[in-house]
Amino acid sequence: MADTNARPDDTKARLGRIAFRAWRRGFREADLVLGPFADREGPTLSERDLTDFETLLMLDDDHLLYAWIIGTEAAPAEFETPLMARIRAFMAAHVAAEVAKGAG
């Protein structure tokens, strides 16, 4: 369980670990969603969301995690969190922005 009295240095180190793991999933499509999400949204996440994000990042099956994010597979109830909704919304906006720039 996350320490609700975490110091700013502790939170910064936690965010650094999360970002490192988010960018290095081993499945590029997941990296391209979770890495930018960690970088851009991580500092605004609540303690609960950070804990949920860490739990997601502990999953071994990146293809399944990505399928949950893009909606081709239903996520188990315990992963249907406000964080998952936020990741999905971020992905939709992020992908749309990249396509608008000509990346797609």
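Every number in this text was worked out from the coordinates using simple rules, so none of it is lab data. Given the structure is predicted, the values throughout are model-derived calculations rather than measurements. All Cβ positions, glycine included, derive from the backbone under ideal geometry; neighbour counts span all protein chains shown.
Structure data summary
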| item | result |
| --- | --- |
| Low-density loop cleavage sites - trypsin sites (Lys or Arg not before Pro) in the stretch 17-102, where at most 15 other Cβ are within 10 Å (DSSP) | Arg24, Lys101 |
| Helical mean residue ellipticity (222 nm; -39500 (n - 2.57) per DSSP H run of 4+; nearest 500) of the chain | -21500 deg cm²/dmol |
| Length released on extending from His63 to Glu98, taking residue separation times 0.36 nm less the Cα-Cα span | 10.5 nm |
| The stretch 16-104: GluC sites (Glu not before Pro) in DSSP coil with no more than 12 other Cβ atoms inside 10 Å | Glu80 |
| Amide H contacts under 5 Å for Glu73, placed H, 5+ residues apart | Trp68 |
| Correct choice for Cα extents along the principal axes in Å that was computed from the model, options (i) 57, 20, 16; (ii) 65, 48, 16; (iii) 42, 31, 23 | (iii) |
| Size of electric dipole in the chain: Cβ of Lys, Arg +1 and of Asp, Glu -1, about Cα centre, debye, nearest 20 | 400 |
